[in-house]
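Undergrad: Sharing a structure here in structure tokens format.
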Amino acid sequence: MTIRGPVFRAWTLALLLSGAVSVRPLSAAEQNPQLEVGPPRPAQDLGITLVTSLVNSVYVPARLALTTAAAIVGGFVGLVNGGNLDAAAAIWQTADGDAFVTPSMIEQRRWPRLGPRR
């Protein structure tokens, strides 16, 4: 079955016009010189990746234990205080922070954050 005639032409014209109306000229975004990558340094990148993996093998289980303990204690404090969510949230905020260590943290010598932002 072929579609011919005025209905086909009307749909084709509508599609073409809708495409022509929605096309806008594209503009290039400004480049930020701070985001440009320098020369490759595979040995240094490998070392940073290995250090990050080793740090995460200790940090992530400790972080999981802290988060679990804060969830249990915060829930108990909220329950004891008659369902007070503010009391529970005060405990839960102690487990706030970075979930894992990233290579950029190692490069910048920034320690992962445990606890609420100050």
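The values are calculated or read from the model by the stated rules, or taken from the named source; none is laboratory data. Every value quoted in this text rests on a predicted model; they were computed, and no experiment measured them. Every residue, glycine among them, receives a Cβ derived from its backbone with ideal geometry; neighbour counts consider all protein chains shown. Keep in mind that these areas ignore ligands, DNA and RNA; they rest on the heavy atoms of the full protein, side chains included. Shrake-Rupley method; radii C 1.70, N 1.55, O 1.52, S 1.80 Å.
Undergrad: So for ASP86, ASP45, what's the accessible-area order with a 1.4 Å probe, most first?
TA: Working: ASP86 125, ASP45 65 Å².
Sorted descending by solvent-accessible area, the residues read ASP86, ASP45.
Undergrad: Sticking with this one: Treat each spin label as a single point 7 Å out from the Cα along the C-beta direction, and report the GLN44 to GLN108 distance in nm.
TA: Each label point is offset 7 Å from its Cα along the Cβ direction, giving 1.7 nm.
Undergrad: So, taking all protein chains as they sit and a 1.4 Å probe, how much accessible area belongs to LEU64, in Å² rounded to tens?
TA: Counting only protein heavy atoms, LEU64 exposes about 110 Å² to solvent.
Undergrad: In nanometres, what is the gap between the two model label sites at ILE72 and LEU13, each 7 Å from Cα along Cα-to-Cβ?
TA: Label-label distance for ILE72 and LEU13, simple model: 7.4 nm.
Undergrad: Just how large is the dipole of region 51-118 about the Cα centre, in debye to the nearest 20, putting +1 at every Lys and Arg Cβ and -1 at every Asp and Glu Cβ?
TA: Numbers: 6 positive and 4 negative charges, 44 e Å.
The calculation lands at about 220 debye.
Undergrad: Once ligands and nucleic acids are excluded and a 1.4 Å probe is used, how much of ILE91 is accessible, expressed in Å² to the nearest 10?
TA: 50 Å²
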